[in-house]
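So the structure is just underneath, and the comments pick up after that.
The values are calculated or read from the model by the stated rules, or taken from the named source; none is laboratory data. All figures in this text were calculated on a predicted structure; none of them were measured in a lab. So basically every Cβ, Gly included, is an ideal-geometry build from the backbone, and we count neighbours across all protein chains shown. Note: accessible area is taken over every heavy atom of the protein model, side chains too, but ligands, DNA and RNA are not part of it. Shrake-Rupley method; radii C 1.70, N 1.55, O 1.52, S 1.80 Å.
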Amino acid sequence: MPRRFPDRLVSAGRPRSSRRLRAALLLLPALLLLALAAPVAAWSALGHKLVGALAQRHLTPAAQREVDRLLAGEPDPTLAGVATWADTLRDRDPARFKATSRWHYVKFDDGGCQYAQARQCPDGQCVVGAIQAQQAILADRGQPDEARRDALKFLVHFVGDAHQPLHASALEDKGGNDYQVSLATRMEPEAYARNRYTDGVMGTNLHSVWDYYVLGEAGLSLEDYAAKLDARPWPPRREPLSAPDWAAESCRLVDSERLYPTRRGKPVHAFAGADYSLKHRALAERRIREAGYRLAELLNQTLAQTP
Ligand SMILES: [Zn+2]
């Protein structure tokens, strides 16, 4: 879900003297860089890149050739390398980010995880509709390469988002963004959020816990983590292969796997002990693996014929 952590807006503090002001101005470029490098919501960069890295390992030669051709001009021309592009639009193209911000998630009705396009995705403005629309663009060889390249980059990202349970929740708390969590963690936050980290407890929200901490606390590099996940029996699960099913699965996991430290998200602030991330990591890794496998299948089907 595309939301900034609230503390990003206040992390620089307010200098009380001109000397402090000068120091702050000198620091400004560094602070801006840190802010840009900060994780934006949706699986953190690590989660999205893992989905891309896993999918890349399972492309057919035909799909691999077309992926290579479409991504040839990218700074990192791999599926992992473009996996967070949809989130980076926030800074590089705010108008386009605004126009696409609803493509990162789908809101289900409370009490049920039945996907119906008219209710959950009017005008295709949700993660399910975005996956379907971008797949159609990628499949259409009559489209300009630029449109198909962007469609590929969107797909890598949104297949990941559809598998993050809190991106398809039925609860009325913006995918856990409004559910505050005091998380016991040894993982120090990045600079912009450090003012909310005291004595090993991070003031955050459930959405961020899932985007960032559950996988991040494993402490592995992208390469090591991808190799570790790919070494397990593959594929993780064959069915299903449609975006509405992926989102409905995610929605059901919110309750069945007890993602909320308290029942049904009440009260709206909870403590999560150091065991929270450990307890849920297996599920997060399973969703990453399923997303990686299904993304590979989707691309293999969509890019089956070479022109
Ligand atoms: Zn996203």
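Exactly one of these conditions fails for P61: (1) open to solvent by 50 Å² or more (accessible area, probe 1.4 Å); (2) more than 19 Å from the chain's Cα centre (by Cα); (3) farther than 23 Å from Q143 by Cβ. Give me its number.
(3)
Looking only at segment 1-15, decide whether some residue is under 27 Å from Y213 (Cα atoms), open to solvent by 50 Å² or more (accessible area, probe 1.4 Å) and at pLDDT 95 or above.
No, because not a single residue in segment 1-15 is under 27 Å from Y213 (Cα atoms), open to solvent by 50 Å² or more (accessible area, probe 1.4 Å) and at pLDDT 95 or above.
Taking the conditions exactly as written (in contact with a Ser or Thr (Cβ under 6 Å, 6 or more places away or on another chain), more than 16 Å from the ligand (Cβ to nearest atom) and open to solvent by 20 Å² or more (accessible area, probe 1.4 Å)), does E217 satisfy them or not?
Numbers: in contact with a Ser or Thr (Cβ under 6 Å, 6 or more places away or on another chain): yes; more than 16 Å from the ligand (Cβ to nearest atom): yes; open to solvent by 20 Å² or more (accessible area, probe 1.4 Å): yes.
Criteria met by E217.
Any idea which residue in segment 87-108 is least open to solvent (accessible area, probe 1.4 Å), counting only those that are in a helix (DSSP H, G or I) and aliphatic (A, V, I, L, M)?
Looking only at segment 87-108, we keep the residues that are in a helix (DSSP H, G or I), and these are 87-92, 94-104.
Next, only the ones that are aliphatic (A, V, I, L, M) stay: 89, 95, 99.
Working: L89: 4, A95: 74, A99: 66 Å².
Checking each candidate, the answer is L89.
Any residue at all in segment 26-37 that is part of a helix (DSSP H, G or I) and at pLDDT 95 or above?
To start, the set of residues in segment 26-37 that are part of a helix (DSSP H, G or I) comprises 26-37.
Now narrow it down to the ones that are at pLDDT 95 or above: none.
Looking through segment 26-37, none of the residues is part of a helix (DSSP H, G or I) and at pLDDT 95 or above.
Quick test of your reading of the structure: V106 fulfils all but one of (1) in contact (Cβ under 8 Å) with a residue 60 or more places away in the chain; (2) over 24 Å from Y213 (Cα atoms). Name the failing condition by number.
(2)
Do we find that L171 is under 19 Å from the mean Cα position of the chain (by Cα), part of a helix (DSSP H, G or I) and aliphatic (A, V, I, L, M) in this structure?
Working: under 19 Å from the mean Cα position of the chain (by Cα): yes; part of a helix (DSSP H, G or I): no; aliphatic (A, V, I, L, M): yes.
Considered against the rule, which asks whether it is under 19 Å from the mean Cα position of the chain (by Cα), part of a helix (DSSP H, G or I) and aliphatic (A, V, I, L, M), L171 comes out as no.
Tell me the residue from P240, P244 that is within 23 Å of Q125 (Cα to Cα) and assigned to a helix (DSSP H, G or I), please. Before the answer, list the steps.
Details: P240 fails: assigned to a helix (DSSP H, G or I).
That would be P244, the only listed residue that is within 23 Å of Q125 (Cα to Cα) and assigned to a helix (DSSP H, G or I).
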